[in-house]
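Let me begin by presenting the structure, written as C-alpha coordinates, before commenting on it.
The values are calculated or read from the model by the stated rules, or taken from the named source; none is laboratory data. Please read all numbers here as calculations on a predicted model, not as lab measurements. Note: ideal-geometry Cβ built from the backbone for every residue, glycine included; neighbour counts use all protein chains shown.
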Amino acid sequence: MLETDADFKSGFVTVIGQPNVGKSTLINNLIGEKVVITTPKQQTTRNKIQCIYTQDDAQVIFIDTPGIHQAQDKMGEYMVDVAYKSLQKIDLIFFMIDARKGITRLDRKISKQLSGLNTPIIVVLNKIDLIGKQKLANRIEEVNRLGDYIDVIPVSAKTGNNLDTLIEETIKLIPKGPKYYPNDMITDQIEQFVITELIREKIMYLTREEVPHAVAIEIIQMKKREERDLIDINANIYVERNSQKGIIIGKNGKRLREIGKRARKDIEDLLGSQIYLDLWVKVRKDWREKEDALKMLGYRG
Ligand SMILES: Nc1nc2c(ncn2[C@@H]2O[C@H](COP(=O)(O)OP(=O)(O)OP(=O)(O)O)[C@@H](O)[C@H]2O)c(=O)[nH]1
(Lines give C-alpha, C1' and ligand atoms only; values in the text may rest on other atoms or scores of the structure.)
Protein backbone atom coordinates (compact mmCIF):
# COMPACT_ATOMS: atom_id res chain seq x y z
CA MET A 1 0.00 0.00 0.00
CA LEU A 2 2.88 2.36 0.56
CA GLU A 3 3.65 3.99 -2.74
CA THR A 4 7.25 3.53 -3.57
CA ASP A 5 7.85 5.85 -6.47
CA ALA A 6 11.62 6.23 -6.48
CA ASP A 7 11.50 10.01 -6.69
CA PHE A 8 8.78 10.60 -4.15
CA LYS A 9 9.85 12.55 -1.06
CA SER A 10 8.42 12.36 2.43
CA GLY A 11 9.40 13.58 5.82
CA PHE A 12 8.44 14.53 9.33
CA VAL A 13 8.55 18.12 10.43
CA THR A 14 7.97 19.67 13.81
CA VAL A 15 7.15 23.29 14.59
CA ILE A 16 8.79 24.83 17.63
CA GLY A 17 8.51 28.30 19.05
CA GLN A 18 7.45 30.32 22.03
CA PRO A 19 3.77 30.71 22.90
CA ASN A 20 1.77 32.92 20.58
CA VAL A 21 4.34 32.92 17.84
CA GLY A 22 1.75 31.48 15.45
CA LYS A 23 2.36 27.74 15.37
CA SER A 24 -1.29 26.78 15.30
CA THR A 25 -2.05 29.47 12.75
CA LEU A 26 0.66 28.08 10.51
CA ILE A 27 -0.60 24.53 10.77
CA ASN A 28 -4.17 25.71 10.18
CA ASN A 29 -3.17 27.72 7.17
CA LEU A 30 -1.49 24.74 5.64
CA ILE A 31 -4.85 23.04 5.66
CA GLY A 32 -6.34 23.16 2.24
CA GLU A 33 -7.54 20.55 -0.07
CA LYS A 34 -4.22 18.86 0.16
CA VAL A 35 -4.09 18.64 3.90
CA VAL A 36 -5.66 16.46 6.48
CA ILE A 37 -5.84 17.45 10.08
CA THR A 38 -5.86 14.80 12.72
CA THR A 39 -7.62 14.68 15.98
CA PRO A 40 -6.81 11.32 17.49
CA LYS A 41 -9.61 10.30 19.78
CA GLN A 42 -7.52 8.45 22.25
CA GLN A 43 -4.42 10.08 23.52
CA THR A 44 -2.36 7.05 22.82
CA THR A 45 0.43 8.87 21.16
CA ARG A 46 3.02 11.25 22.25
CA ASN A 47 4.11 12.13 18.78
CA LYS A 48 0.82 13.45 17.54
CA ILE A 49 0.30 14.03 13.86
CA GLN A 50 -1.04 17.54 13.40
CA CYS A 51 -1.54 17.59 9.71
CA ILE A 52 -0.37 16.03 6.51
CA TYR A 53 0.48 17.98 3.43
CA THR A 54 0.44 15.93 0.25
CA GLN A 55 1.24 16.98 -3.28
CA ASP A 56 1.96 14.95 -6.39
CA ASP A 57 5.60 14.32 -5.62
CA ALA A 58 5.88 14.73 -1.86
CA GLN A 59 4.28 14.36 1.52
CA VAL A 60 5.09 16.35 4.65
CA ILE A 61 3.83 15.12 7.97
CA PHE A 62 3.73 17.74 10.70
CA ILE A 63 4.04 16.28 14.13
CA ASP A 64 3.55 17.69 17.54
CA THR A 65 6.70 16.98 19.46
CA PRO A 66 6.13 15.62 22.92
CA GLY A 67 7.12 17.71 25.84
CA ILE A 68 7.67 20.87 23.88
CA HIS A 69 4.36 22.51 24.67
CA GLN A 70 4.12 21.78 28.33
CA ALA A 71 7.71 22.73 28.75
CA GLN A 72 7.22 26.15 27.25
CA ASP A 73 5.86 27.31 30.57
CA LYS A 74 8.84 25.97 32.40
CA MET A 75 11.85 26.81 30.38
CA GLY A 76 14.13 24.96 32.75
CA GLU A 77 12.67 21.76 31.47
CA TYR A 78 12.34 22.96 27.94
CA MET A 79 14.01 20.09 26.28
CA VAL A 80 12.98 17.25 28.43
CA ASP A 81 14.70 14.13 27.42
CA VAL A 82 11.88 12.65 25.45
CA ALA A 83 11.38 15.81 23.44
CA TYR A 84 15.04 15.99 22.67
CA LYS A 85 15.12 12.40 21.53
CA SER A 86 12.13 12.78 19.28
CA LEU A 87 13.62 15.90 17.72
CA GLN A 88 16.56 13.82 16.64
CA LYS A 89 14.33 11.44 14.78
CA ILE A 90 12.53 13.93 12.62
CA ASP A 91 13.71 15.27 9.29
CA LEU A 92 13.30 19.00 9.76
CA ILE A 93 12.48 21.57 12.42
CA PHE A 94 10.62 24.82 11.88
CA PHE A 95 11.83 27.23 14.54
CA MET A 96 9.26 30.03 14.55
CA ILE A 97 10.18 33.52 15.60
CA ASP A 98 7.86 36.52 15.86
CA ALA A 99 9.19 39.10 13.41
CA ARG A 100 7.42 41.97 15.11
CA LYS A 101 8.73 41.16 18.58
CA GLY A 102 12.17 40.20 17.37
CA ILE A 103 14.38 37.68 19.10
CA THR A 104 13.41 37.20 22.72
CA ARG A 105 15.24 35.60 25.62
CA LEU A 106 13.12 32.53 25.15
CA ASP A 107 14.11 32.35 21.49
CA ARG A 108 17.75 32.45 22.52
CA LYS A 109 17.21 29.58 24.90
CA ILE A 110 15.40 27.54 22.29
CA SER A 111 18.12 28.29 19.80
CA LYS A 112 20.79 27.15 22.20
CA GLN A 113 19.00 23.90 22.88
CA LEU A 114 18.50 23.24 19.19
CA SER A 115 22.13 23.86 18.40
CA GLY A 116 23.05 20.43 19.79
CA LEU A 117 20.93 18.61 17.24
CA ASN A 118 21.91 17.27 13.86
CA THR A 119 18.43 17.87 12.49
CA PRO A 120 18.24 20.71 9.94
CA ILE A 121 16.37 23.81 11.07
CA ILE A 122 14.50 26.42 9.07
CA VAL A 123 13.75 29.63 10.93
CA VAL A 124 10.23 30.71 10.08
CA LEU A 125 10.06 34.42 10.69
CA ASN A 126 6.37 34.94 11.22
CA LYS A 127 3.94 37.88 11.27
CA ILE A 128 5.70 39.81 8.56
CA ASP A 129 2.39 41.46 7.72
CA LEU A 130 2.91 43.56 10.84
CA ILE A 131 6.29 45.03 9.92
CA GLY A 132 7.90 46.98 7.11
CA LYS A 133 10.65 45.96 4.72
CA GLN A 134 13.54 47.57 6.58
CA LYS A 135 12.56 45.99 9.85
CA LEU A 136 12.28 42.63 8.16
CA ALA A 137 15.77 42.97 6.72
CA ASN A 138 17.09 43.73 10.22
CA ARG A 139 15.30 40.74 11.65
CA ILE A 140 16.80 38.43 9.07
CA GLU A 141 20.26 39.77 10.00
CA GLU A 142 19.54 39.12 13.67
CA VAL A 143 18.45 35.57 12.98
CA ASN A 144 21.57 34.93 10.95
CA ARG A 145 23.62 36.02 13.93
CA LEU A 146 21.58 33.86 16.29
CA GLY A 147 22.60 30.51 14.89
CA ASP A 148 23.44 28.31 12.00
CA TYR A 149 20.25 27.59 10.13
CA ILE A 150 19.59 26.01 6.79
CA ASP A 151 17.32 28.89 5.83
CA VAL A 152 15.37 31.85 7.17
CA ILE A 153 11.97 32.19 5.56
CA PRO A 154 9.76 35.20 6.30
CA VAL A 155 6.05 34.37 6.26
CA SER A 156 2.70 35.48 7.46
CA ALA A 157 0.96 32.44 8.82
CA LYS A 158 -2.18 34.54 9.03
CA THR A 159 -2.38 35.88 5.49
CA GLY A 160 -0.60 32.91 3.94
CA ASN A 161 2.11 35.12 2.49
CA ASN A 162 5.17 33.12 1.39
CA LEU A 163 3.90 29.79 2.71
CA ASP A 164 4.40 28.35 -0.77
CA THR A 165 8.14 29.11 -0.48
CA LEU A 166 8.20 27.48 2.93
CA ILE A 167 6.66 24.31 1.54
CA GLU A 168 8.97 24.36 -1.46
CA GLU A 169 12.06 24.63 0.71
CA THR A 170 10.74 21.96 3.04
CA ILE A 171 10.32 19.52 0.19
CA LYS A 172 13.85 20.21 -0.98
CA LEU A 173 15.16 19.30 2.46
CA ILE A 174 13.24 16.13 3.23
CA PRO A 175 14.54 12.77 2.03
CA LYS A 176 13.23 10.49 -0.64
CA GLY A 177 10.66 8.19 0.85
CA PRO A 178 7.28 6.54 0.48
CA LYS A 179 3.88 8.16 0.56
CA TYR A 180 2.99 7.07 4.06
CA TYR A 181 -0.63 8.06 3.87
CA PRO A 182 -3.10 7.86 1.01
CA ASN A 183 -4.40 11.22 -0.24
CA ASP A 184 -7.85 10.52 1.08
CA MET A 185 -6.87 9.04 4.41
CA ILE A 186 -9.55 9.37 7.01
CA THR A 187 -7.97 11.36 9.76
CA ASP A 188 -8.33 9.25 12.86
CA GLN A 189 -7.32 6.13 10.99
CA ILE A 190 -3.89 7.44 10.29
CA GLU A 191 -2.07 6.12 13.28
CA GLN A 192 -3.59 2.67 13.02
CA PHE A 193 -2.90 2.60 9.32
CA VAL A 194 0.80 3.17 9.83
CA ILE A 195 0.90 0.49 12.49
CA THR A 196 -0.69 -2.04 10.17
CA GLU A 197 1.80 -1.09 7.47
CA LEU A 198 4.71 -1.56 9.84
CA ILE A 199 3.50 -5.03 10.75
CA ARG A 200 2.87 -5.91 7.11
CA GLU A 201 6.31 -4.73 6.16
CA LYS A 202 7.95 -7.09 8.66
CA ILE A 203 5.88 -10.00 7.40
CA MET A 204 6.85 -9.24 3.81
CA TYR A 205 10.48 -9.00 4.76
CA LEU A 206 10.62 -12.13 6.86
CA THR A 207 8.57 -14.35 4.58
CA ARG A 208 10.07 -13.08 1.33
CA GLU A 209 8.09 -14.30 -1.66
CA GLU A 210 6.19 -16.97 0.16
CA VAL A 211 3.06 -15.06 1.14
CA PRO A 212 3.06 -12.35 -1.50
CA HIS A 213 0.08 -10.08 -1.18
CA ALA A 214 -2.19 -12.35 0.69
CA VAL A 215 -1.75 -10.57 4.00
CA ALA A 216 -3.97 -8.00 5.65
CA ILE A 217 -3.70 -6.62 9.14
CA GLU A 218 -6.53 -5.53 11.36
CA ILE A 219 -6.00 -3.68 14.60
CA ILE A 220 -8.50 -5.10 17.06
CA GLN A 221 -7.63 -2.94 19.99
CA MET A 222 -5.26 -0.21 20.99
CA LYS A 223 -5.41 0.83 24.56
CA LYS A 224 -3.18 2.65 26.95
CA ARG A 225 -2.74 1.01 30.32
CA GLU A 226 -3.75 3.17 33.21
CA GLU A 227 -0.89 4.73 35.08
CA ARG A 228 1.66 3.04 32.88
CA ASP A 229 3.48 4.21 29.86
CA LEU A 230 2.41 1.15 27.92
CA ILE A 231 0.00 0.65 25.07
CA ASP A 232 -1.56 -2.73 24.39
CA ILE A 233 -2.09 -3.43 20.73
CA ASN A 234 -3.98 -6.48 19.55
CA ALA A 235 -3.90 -7.21 15.87
CA ASN A 236 -5.01 -9.98 13.56
CA ILE A 237 -2.99 -11.03 10.56
CA TYR A 238 -5.26 -12.40 7.86
CA VAL A 239 -4.07 -14.78 5.22
CA GLU A 240 -5.89 -16.74 2.54
CA ARG A 241 -4.66 -20.24 3.16
CA ASN A 242 -3.56 -22.51 5.97
CA SER A 243 -0.19 -22.97 4.35
CA GLN A 244 0.40 -19.21 4.56
CA LYS A 245 -0.57 -19.23 8.18
CA GLY A 246 2.06 -21.87 8.80
CA ILE A 247 4.70 -19.85 7.02
CA ILE A 248 3.99 -16.74 9.04
CA ILE A 249 3.98 -18.57 12.34
CA GLY A 250 7.10 -20.53 11.51
CA LYS A 251 8.61 -23.42 13.41
CA ASN A 252 7.45 -23.29 17.02
CA GLY A 253 6.18 -19.77 16.42
CA LYS A 254 9.65 -18.48 15.80
CA ARG A 255 8.90 -16.36 12.76
CA LEU A 256 5.82 -14.75 14.26
CA ARG A 257 7.84 -13.84 17.32
CA GLU A 258 10.45 -12.20 15.13
CA ILE A 259 7.76 -10.31 13.20
CA GLY A 260 6.32 -9.11 16.49
CA LYS A 261 9.70 -8.13 17.87
CA ARG A 262 10.65 -6.04 14.84
CA ALA A 263 7.22 -4.46 14.48
CA ARG A 264 7.13 -3.59 18.16
CA LYS A 265 10.37 -1.70 17.91
CA ASP A 266 9.16 0.44 15.03
CA ILE A 267 5.76 1.05 16.59
CA GLU A 268 7.42 2.13 19.83
CA ASP A 269 9.44 4.64 17.85
CA LEU A 270 6.30 5.87 16.15
CA LEU A 271 4.24 6.23 19.30
CA GLY A 272 7.03 7.23 21.65
CA SER A 273 5.72 4.75 24.16
CA GLN A 274 6.32 1.20 25.22
CA ILE A 275 3.95 -1.22 23.59
CA TYR A 276 2.80 -4.75 24.09
CA LEU A 277 1.97 -6.28 20.72
CA ASP A 278 -0.27 -9.30 20.51
CA LEU A 279 -0.46 -10.81 17.03
CA TRP A 280 -2.81 -13.57 15.87
CA VAL A 281 -2.72 -15.22 12.48
CA LYS A 282 -6.11 -16.08 11.00
CA VAL A 283 -7.20 -17.68 7.77
CA ARG A 284 -9.92 -15.90 5.89
CA LYS A 285 -10.39 -17.67 2.62
CA ASP A 286 -10.03 -15.45 -0.41
CA TRP A 287 -10.33 -12.31 1.62
CA ARG A 288 -9.25 -10.25 -1.29
CA GLU A 289 -12.38 -11.06 -3.18
CA LYS A 290 -14.84 -10.57 -0.40
CA GLU A 291 -16.14 -7.10 -0.05
CA ASP A 292 -17.19 -7.40 3.57
CA ALA A 293 -13.84 -8.68 4.60
CA LEU A 294 -12.16 -5.86 2.73
CA LYS A 295 -14.29 -3.29 4.46
CA MET A 296 -13.57 -4.80 7.79
CA LEU A 297 -9.89 -4.59 7.10
CA GLY A 298 -10.11 -0.94 6.28
CA TYR A 299 -9.80 -1.07 2.52
CA ARG A 300 -12.18 1.14 0.67
CA GLY A 301 -13.39 0.72 -2.86
N1 LIG B 1 -0.78 39.54 12.29
C2 LIG B 1 -0.48 38.27 12.42
N3 LIG B 1 -0.93 37.58 13.46
C4 LIG B 1 -0.61 36.27 13.57
C5 LIG B 1 0.17 35.61 12.60
N6 LIG B 1 0.31 34.32 12.97
C7 LIG B 1 -0.36 34.19 14.12
N8 LIG B 1 -0.93 35.36 14.49
C9 LIG B 1 -1.74 35.62 15.68
O10 LIG B 1 -0.95 35.38 16.82
C11 LIG B 1 -1.76 34.81 17.85
C12 LIG B 1 -1.17 33.50 18.32
O13 LIG B 1 -1.21 32.58 17.26
P14 LIG B 1 -1.23 31.00 17.52
O15 LIG B 1 -1.21 30.36 16.19
O16 LIG B 1 -2.32 30.64 18.45
O17 LIG B 1 0.16 30.82 18.23
P18 LIG B 1 0.80 29.50 18.87
O19 LIG B 1 2.25 29.62 18.65
O20 LIG B 1 0.13 28.30 18.33
O21 LIG B 1 0.47 29.72 20.37
P22 LIG B 1 0.54 28.64 21.59
O23 LIG B 1 -0.55 27.62 21.29
O24 LIG B 1 0.25 29.48 22.78
O25 LIG B 1 1.89 28.06 21.60
C26 LIG B 1 -3.16 34.68 17.27
O27 LIG B 1 -3.93 35.79 17.66
C28 LIG B 1 -2.91 34.69 15.76
O29 LIG B 1 -4.01 35.21 15.05
C30 LIG B 1 0.63 36.39 11.47
O31 LIG B 1 1.32 35.91 10.56
N32 LIG B 1 0.29 37.69 11.46
So if I check each of ASP57, ASP129, which one is surrounded by fewer than 17 Cβ atoms within 10 Å (Cβ to Cβ), in contact with an Asp or Glu (Cβ under 9 Å, 6 or more places away or on another chain) and modelled with pLDDT of 75 or more? ASP57
Output for region 85-133, where each listed residue is in a strand (DSSP E or B) and within 13 Å of the ligand (Cβ to nearest atom): PHE94, PHE95, MET96, ILE97, ASP98, VAL124, LEU125, ASN126
Would you call TYR149 free of Cβ contacts under 8 Å to residues at least 60 places away in the same chain, part of a loop (DSSP other than H, G, I, E, B), of a type in the set (Phe, Trp, Tyr) and surrounded by 15 or more Cβ atoms within 10 Å (Cβ to Cβ)? yes
Of all residues making up region 2-27, the number that are at pLDDT 55 or above and acidic (Asp, Glu): 2
If I filter region 28-46 for residues that are closer than 19 Å to LYS89 by Cα and at pLDDT 50 or above, do I get at least one hit? no
Which listed residue, of ALA99, ALA137, is more than 23 Å from ILE61 (Cα to Cα) and crowded, with 18+ Cβ neighbours inside 10 Å: ALA99
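Name the single residue, out of those in region 218-277 being of a type in the set (A, V, I, L, M, F, W, C) and at pLDDT below 85, that is farthest from the chain's Cα centre (by Cα).
Taking region 218-277 and keeping what is of a type in the set (A, V, I, L, M, F, W, C), we get 219-220, 222, 230-231, 233, 235, 237, 239, 247-249, 256, 259, 263, 267, 270-271, 275, 277.
Imposing the further condition that a residue be at pLDDT below 85 reduces the set to 222, 270-271.
Numbers: MET222: 18, LEU270: 8, LEU271: 9 Å.
Checked region 218-277; the qualifying residue farthest from the chain's Cα centre (by Cα) is MET222.
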Can you tell me which residue is nearest to the ligand (Cβ to nearest atom) among those in region 12-26 that are in a strand (DSSP E or B) and in contact with a Ser or Thr (Cβ under 8 Å, 6 or more places away or on another chain)? ILE16
